[in-house]
Structures are given as structure tokens and as C-alpha cells.
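The values are calculated or read from the model by the stated rules, or taken from the named source; none is laboratory data. Only a predicted model underlies this, so the values are computations on that prediction, with no experimental measurement involved. Please note: Cβ atoms are built from the backbone with ideal geometry, for glycine as well, and neighbour counts cover all protein chains shown.
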Amino acid sequence: MSDTTISTIRDRVRGAVITPDDEGYDEARRVHNGMIDREPRAVVRCSDVTDVRVVVDAARDGGLDLAVRGGGHSVPGFGTGDDALVIDLSPMNGVRVDPGRRSARAEGGCTWGQLDHATHGFGLATTGGLVSTTGVGGLTLGGGIGHLTRSCGLSCDNLVSADVVTADGGFLTASEDQHPELFWALRGGGGNLGVVTSFEFRLHPVATIYGGPIFYPVEHAAHVLEFFDDFLAKAPEELGAFFGFQIAPPLPFIPEERHGETMCAIVTCWTGPLEKGEPALAPLLEDAGPVVAQHVGPMPYPALNSAFDGLYPDGLQHYWKADFVRELTPAAIEAHVHHGPLVPSVHSTMHLYPLDGAVQRVSADATAFAHRDSRYVAVIVGMWPDPADNEANTRWVRDYWQAIHPHSEEGGYVNFMAGDDQGRIRANYGANYDRLAAVKATYDPHNLFHLNQNVTPAAS
């Protein structure tokens, strides 16, 4: 692509076009994972759908890689690329809530913090991840796991419609009634199908929740994990909870002498009647194991959904691995209890997210997200500040994953996949892969959107 073409883009878009010669280029090319250092041809901060279409056309016609960035949280750094054109959707972050219809439309550059803020004012919410700075788009397109998963389903299960710029530069709305195959594929198919410029979500009456984190001594991890598995299987769907290993951060509710100590934890979120929250969580406080610290009580839902933001700042080094899990076997628990306590950084963790409840009331072929017969998603999250520690920290993630993978499904959750997981794509989608590849062939036959966990277009 020539400088003349870049000039043409500048002339045709309202948003800023930032190239290596422009002030602010280093900031514009940066993504959340500090391990990613790419030098794109240009970053275009799109202000509207027309800007997006201009960049899509330019990348396609110029034969350049095209990266699409919402929140920029992609662990493999798919929101950028060397010599690529980058569509940066962050200026497109408006939210419109319709409280009567219990719905909200969020532009493609929104974060979950922005959407939560807008919907909370009406006492409403939808499933939206665990960190408020995560992009709405990336999370939803990959499925969308969060505190509300058991009661409200995945983020993609709450998607009503999506506005999409396709590889040919077209613009359309996908829903159950319009372009239904594309709509099917968008719900779990990742960034393979186009640039989604707005999402319409179904909302639920969630305002004040009862919950928060509970910390236990790490030497009791086996019992806590067994109790969690048994308890959650019988718990009402209004109770969201996940298990994790965590080095205790210096928070005021954790005894100061325990700061920096490795513990295990259960993070809870009760969305039923508030007065029933305390008895619903009581077994986790009384029977799961000795409690070192807890911060459980009523709180606004957005407060819980942003509670971990401080552990997830921009610029950390990231390497993750993940699996779907049908059953938490004794051998799997043994592997977790061995590797989890070796967590090397306060930012790193292992989380076990449940996939039961509302998720399993949706059939496996109703959306591209296929693994609805799994009980959990296990993710080993490696995050640390110093690049000098890259080898040791990535080794912890890989060793941990290799220990639990024989007790897991072959596939994993695409939003948690690493850059070296491209060989697992078919397994990640299971029986839905061939249908997804066929939809890809219809809407992106030349694979313009390939900087992602990439689905190859089916052969014609």
C-alpha cells in the first residue's frame, strides 16, 4: 500500500489516522499485552461505520493484513499486526439503553465498564466478563463468560442483533430474522466474520448483588475444590461462583501479615432476592474450609465486575492456556493442587468458571459456541510485569496446562487461547466447526479477517 493510499484514507475518514511518522504512534500501536510489540502500517481510530468501511476496503484492495481492536485485551495481540491496518474502535463507545424493552445497544468500541455503567442506572445488566476494561466486542464474539453466566447465560446468548461490516465492505444487521446464519456464527465464532460496529443485548434485572471473594489457606485447596464442585452442582442458578488460586494482594480486608501469601479463593455473586444472599453463601463460609479473609456482602453489580481491574493493568506480560472440562476428576484436582500453589505472580492465577445453569439450556448447535456439555472452563492466566521473567512464567503456565489437559476436553474457550493454539481451532468448535467454516466462506471467502483464532473458509 502506497503513501498515496494512506493519504486517501485520511481524506475519507473522520477519525485519526496514525502512522509511524505521527506523534502518538507508539501509544496508538500498544495493546494490553506488553509481550506484543507490533508495528502496523497505520492505526485508524474510527469514528463511525463509514470509517470502518473505508479501512476494510483499503486493506482488502491493498492486500494488507487487517487487525480489529475493541478493548485491546486479546492475549495473542490480535488487535494489531506488523505492517497491518488497524481498525481501532475505541472512539465508537456509545451505549443506548431501552429500559422498557430491557435491551441495550453498545457500539463496538465499548468496554464492559462503560456498558455496566449505562445499564446499572436502570437496575439492569447482562453477562459481561470479570474485568471492566475488557472490550464488549471481543468477549461477546468468543462466547462471553462472567459472573452472571449461570443465571443469564453467556454474553452471546443475550445478543439480540449485531451491525456488521463484512469483508466486501458491505453493511448489514444480523439477527434471528436477518442473515440468521451469520448471526449464528457471530455468537461464539470470534472475529472471523467481520467488524461488528454495534451489539444489541437482552438485559436482566440485576442491580445490587450479594457476593465477593472468600480466601482459604492453600493447604486446604483439595477440600475447598471438592466442596466447590459438589456445592455448585446443587446450588441455585442465581449463585455465580468461580474457584481460583491467588497470591493475596494488599487489600484492607486481608490481614496484613497474610499479604503476599498464596491462597485459594471462591468469588461469589448472588443475583436472587438480596435477603436470600447470606444463607445462599453460608456453606462456602462455614463448611468449605477455614476462611482467612472475606469481603462478602451487598454491592452494586458493576463494583464486583470491576473488582479485579487493579490486578490487570495495561502493559503486563501475558501467556494463557485453557480447556473445557466435563468432570473435575480426582486426578484433575490432584494436578490443580500441585500446580496452582506455584502461582508465580500476584497478577497470575488459575480460574475455574462454571458452564452449567442457563448456558446448558441452550442447545449445542444453537450458536457457534459448542461446548455446552462441559461443566467448567479452566484457564491458567500467566501475567507478570518484568519481561526478564518470561521464560519462568510461561513455563508455569505450560506445565500446569500439560498436567490438567489429559483430564480435560481437547478444545478450549477461544477468548482464552494463546497465539500458539491455532492447531486447536477445530477442537475449540467441535461439531460446529464445519458449519462455521461454511458461514466463513460465505461472508469472508478470502479470509480477510484472519488475525484471530482463525477459522479457514470451507472449500467451495
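Of the strands (runs of 3 or more DSSP E) lying entirely inside the stretch 37-156, those containing at least 3 residues that are surrounded by fewer than 24 Cβ atoms within 10 Å (Cβ to Cβ) span 95-98. Of all residues in the stretch 441-456, exactly one satisfies the criterion of being more than 21 Å from Asp82 (Cα to Cα) and touching a strand residue (DSSP E or B) at 6+ places or on another chain (Cβ under 9 Å), namely Tyr443. In a residue-by-residue description of the stretch 323-339, the property of being of a type in the set (Lys, Arg), within 30 Å of Pro385 (Cβ to Cβ), surrounded by 14 or more Cβ atoms within 10 Å (Cβ to Cβ) and not assigned by TED's automatic domain parsing to the domain that holds Leu124 applies to no position. Residue count for the stretch 194-216 satisfying the condition of being within 30 Å of Met263 (Cβ to Cβ), in a strand (DSSP E or B) and aliphatic (A, V, I, L, M): 2. Beta carbons closer than 8 Å, at least 6 apart along the sequence or on distinct chains, pair a first residue in the stretch 4-16 that is in contact (Cβ under 8 Å) with a residue 40 or more places away in the chain and surrounded by 14 or more Cβ atoms within 10 Å (Cβ to Cβ) with a second that is among the hydrophobic types (A, V, I, L, M, F, W, C) and in a loop (DSSP other than H, G, I, E, B) for Val13/Cys46; Gly15/Cys46.
Residue count for the stretch 370-388 satisfying the condition of being closer than 18 Å to Ala418 by Cα and surrounded by 15 or more Cβ atoms within 10 Å (Cβ to Cβ): 8. Scanning the stretch 217-255 for residues that are touching a residue at least 24 places away in the same chain (Cβ under 8 Å), part of a loop (DSSP other than H, G, I, E, B) and within 27 Å of the chain's Cα centre (by Cα) yields Ala235, Pro236, Glu237, Glu238, Ala248, Pro249, Leu251. Residues satisfying the criterion are present in the stretch 40-59 (criterion: over 20 Å from the mean Cα position of the chain (by Cα), closer than 28 Å to Asp421 by Cα and in contact (Cβ under 8 Å) with a residue 60 or more places away in the chain). Summed over the stretch 263-283, residues that are touching a helix residue (DSSP H, G or I) at 6+ places or on another chain (Cβ under 7 Å) and crowded, with 18+ Cβ neighbours inside 10 Å total 7. Within the stretch 419-452, the set of residues being among the basic types (Lys, Arg) and in contact with a Ser or Thr (Cβ under 9 Å, 6 or more places away or on another chain) comprises Lys440 only. Output the residues belonging to the stretch 401-423 that are assigned to a helix (DSSP H, G or I) and either closer than 20 Å to Pro354 by Cβ or assigned by TED's automatic domain parsing to the domain that holds Gly135 (or both). Of everything in the stretch 401-423, those that are assigned to a helix (DSSP H, G or I) and either closer than 20 Å to Pro354 by Cβ or assigned by TED's automatic domain parsing to the domain that holds Gly135 (or both) turn out to be Trp401, Ile404, His405, His407, Val414, Asn415, Phe416.
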